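Below is one structure, written out as structure tokens, with a few remarks after it.
The values are calculated or read from the model by the stated rules, or taken from the named source; none is laboratory data. Worth saying up front: this structure is predicted, and the values here are computed from it rather than measured. As a convention, Cβ positions derive from the backbone with ideal geometry for all residues, glycine included, and neighbour counts pool all protein chains shown. When the accessible area is computed, the model is the full protein with side chains, heavy atoms only, and any ligands, DNA or RNA have been set aside. Shrake-Rupley method; radii C 1.70, N 1.55, O 1.52, S 1.80 Å.
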Amino acid sequence: DARVTQTPRHKVTEMGQEVTMRCQPILGHNTVFWYRQTMMQGLELLAYFRNRAPLDDSGMPKDRFSAEMPDATLATLKIQPSEPRDSAVYFCASGSGQNYGYTFGSGTRLTVV
Amino acid sequence: AQRVTQPEKLLSVFKGAPVELKCNYSYSGSPELFWYVQYSRQRLQLLLRHISRESIKGFTADLNKGETSFHLKKPFAQEEDSAMYYCALRDNTDKLIFGTGTRLQVFP
């Protein structure tokens, strides 16, 4: 059963520190998403890629967030500097083609203190 | 504007009762709709796709274009169905837009 792998599963960091979250999409999937989940806002789309090219990152605060796909097996989401309001669960999802849903990773639970 | 609306934050039923989780959408094109389920502190899992017209874990959902709805139904709820349920729409750029979710609680 193919899975999307996210690391780390949990991260506690101090305000102002850099945070990097990683995602390994399912092999062969060409579309990758980053979502943020909070109690207040629910699921927010931060950015997504197709064939490693960014399609839309309008949901991401540009001054501190950045998302990249250095290769087809790795997507990264960085926050620098981190702030307490960034505390959330960050999910990565991947998929390919029409008529299929996307597969989600287990998420990275980020706590910024 | 593209939007997915789940009007109920919480739905509580007793085991064996019928369940209907509401989802309405706003989309100018031909929508592709999904239901995802998230069990406590776990990842989101795909439950249903409207195009496949399947039944998973006893759940079904029918796309009603006239009412722009894609409600999720189950005739007899089970305790293990307790979870967060998200309705989602995929637009023509492959972006997946989620509703705010409905928490289903099934009491014994």
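Structure above, values below:
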read-out	value
Mean shadow area of chain B, taken as a quarter of the surface of its Cα convex hull (nm²)	6.5 nm²
FRET efficiency for B:Glu8 and A:Ser58, using Cβ-Cβ distance with R0 set to 30 Å, rounded to 0.05	0.55
Whole-angstrom gap from segment A:1-59 to segment A:70-103, using each part's C-alpha centre	1 Å
Neighbouring partner chain Cβ atoms per residue of B:38-45, average, 10 Å criterion	5
Residues whose placed amide H lies under 5 Å from that of B:Lys15, excluding near-sequence neighbours	B:Phe107
From phi via Karplus (6.51, -1.76, 1.60), per-residue ³J(HN,Hα) for segment A:84-96 in Hz, x at Gly/Pro	x, 6, 7, 4, 4, 9, 9, 10, 10, 9, 9, x, 8
At most 10 other Cβ within 10 Å, DSSP loop - trypsin sites (Lys or Arg not before Pro), segment A:17-113	A:Lys62
Carbon plus sulfur fraction of accessible area for the protein assembly as shown, probe 1.4 Å, in percent	49 percent
Mean separation of Cα contacts under 8 Å (6+ apart) over length of segment A:25-67, as relative contact order %	29 percent
Taking chain A and dividing mean pair separation by its residue count, relative contact order in percent (alpha carbons under 8 Å, at least six apart)	37 percent
Percentage relative contact order, segment B:1-102, counting C-alpha pairs under 8 Å, at least six apart	37 percent
Fluctuation leader among A:Tyr35, A:Tyr102, A:Tyr90 - chain A, Gaussian network, Cα springs under 10 angstrom	A:Tyr102
Note, ³J(HN,Hα) from phi for segment B:6-21, Karplus 6.51, -1.76, 1.60, rounded to Hz, x at Gly and Pro	10, x, 9, 7, 9, 10, 10, 9, 9, 3, x, 7, x, 10, 9, 9
Antiparallel bridges, percent of DSSP beta bridges restricted to the protein assembly as shown (to nearest 5)	90 percent
DSSP bridge pairs, chain B: antiparallel proportion in percent, nearest 5	85 percent
Averaged over B:88-101, number of beta-carbon atoms from partner chains that fall within 10 Å	4
Debye-sum result for segment A:1-66 in log10 I(q)/I(0), which assumes one identical scatterer on each alpha carbon, at q = 0.13, 0.19, 0.28, 0.29 Å⁻¹	-0.44, -0.94, -1.40, -1.39
Viscosity 0.692 mPa s, 37 °C: Kirkwood-radius Stokes-Einstein D of the protein assembly as shown over Cα pairs, µm²/s	182 µm²/s
Inter-chain shielding of A:35-46 (mean C-beta neighbours from other protein chains, 10 Å cut-off)	3
Surrounding net charge for A:Met21, when Lys and Arg each add one and Asp and Glu each subtract one, Cβ distance under 9 Å	+3
Length added when fully stretched, A:Gln80-A:Val12, from 0.36 nm per residue minus Cα-Cα	23.1 nm
Residues B:Tyr39 and A:Arg50, FRET efficiency given R0 of 35 Å [Cβ-Cβ distance, rounded to 0.05]	0.75
Isotropic mean projected area of the C-alpha convex hull, chain A (nm²)	6.8 nm²
Inter-part distance where segment B:50-108 and segment B:1-38 are each reduced to a Cα centre, Å	5 Å
Partner lysines for B:Lys65 [C-alpha distance under 28 Å; skip if fewer than 8 residues away on the same chain]	B:Lys9, B:Lys22, B:Lys57, B:Lys73, B:Lys74, B:Lys95
Other-chain or far-sequence residues with amide H under 5 Å of A:Ala47's (modelled H)	A:Trp34
Karplus-derived 3J(HN,Hα), 6.51/-1.76/1.60, for each residue of segment B:56-62, Hz, glycine and proline x	10, 6, x, 8, 9, 8, 10
